Amino acid sequence: MKNIPQRSCVICRTQKNKNELLRIVKNKENIVRIDEKGKESGRGAYICYNMDCLEKAKKTKKLEKSLDTKIDEEIYMKVEEIIKNKIGGEVIG
């Protein structure tokens, strides 16, 4: 059986399988992107597929602190869309 890496949500600190969290990544050019595949190179921060965690991320700026850069509202909006699709649609896993 293959060992699935564990990661922690930077907001609620819950440990989950890497594929159960959404990765936000900052690359060398300081560009912040959503990394749904978990393969992009750069500094990554993980967040639960959970609206509460997203709201806390916006309020506390924990994602920004974790990646040490400003995150555009556009990124948060995309994350919100992905979370809504994930929790509203099929359960992958």
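The values are calculated or read from the model by the stated rules, or taken from the named source; none is laboratory data. Bear in mind that the values here come from a model prediction, so they are computed numbers and not experimental data. Note: ideal-geometry Cβ built from the backbone for every residue, glycine included; neighbour counts use all protein chains shown.
Only one residue in Lys59, Lys28, Lys18, Lys65 is more than 20 Å from Gly88 (Cα to Cα) and in contact with a Pro (Cβ under 7 Å, 6 or more places away or on another chain), so which one is that?
None of the other options fit; the residue is Lys18.
Could you tell me which of the residues Ile47, Ile82 is of a type in the set (Val, Ile, Thr), out of contact with any His (no Cβ under 7 Å at 6 or more places or on another chain), farther than 18 Å from Ser8 by Cβ and in contact (Cβ under 8 Å) with a residue 24 or more places away in the chain?
Among Ile47, Ile82, only Ile82 is of a type in the set (Val, Ile, Thr), out of contact with any His (no Cβ under 7 Å at 6 or more places or on another chain), farther than 18 Å from Ser8 by Cβ and in contact (Cβ under 8 Å) with a residue 24 or more places away in the chain.
Okay, residues lined up against (1) touching a Leu at 6+ places or on another chain (Cβ under 8 Å); (2) loosely packed, with under 11 Cβ neighbours inside 10 Å:
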position: Glu36; (1), (2): yes, no
position: Lys39; (1), (2): no, yes
position: Tyr46; (1), (2): yes, no
position: Cys53; (1), (2): no, no
position: Thr60; (1), (2): no, no
position: Lys65; (1), (2): no, no
position: Ile71; (1), (2): yes, no
position: Glu74; (1), (2): no, yes
position: Lys78; (1), (2): no, no
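Could you check the stretch 3-19 and list, in sequence order, the residues that are at pLDDT below 95 and of a type in the set (D, E, K, R)?
The answer is Lys18, and nothing else.
Out of curiosity, is Ile71 farther than 12 Å from Cys9 by Cβ, over 10 Å from the mean Cα position of the chain (by Cα), assigned to a helix (DSSP H, G or I) and among the hydrophobic types (A, V, I, L, M, F, W, C)?
The answer is no for Ile71.
Which residues, taken from the stretch 1-37, are basic (Lys, Arg), part of a strand (DSSP E or B) and either farther than 22 Å from Asp52 by Cα or under 10 Å from the mean Cα position of the chain (by Cα) (or both)?
Arg23, Lys26, Arg33
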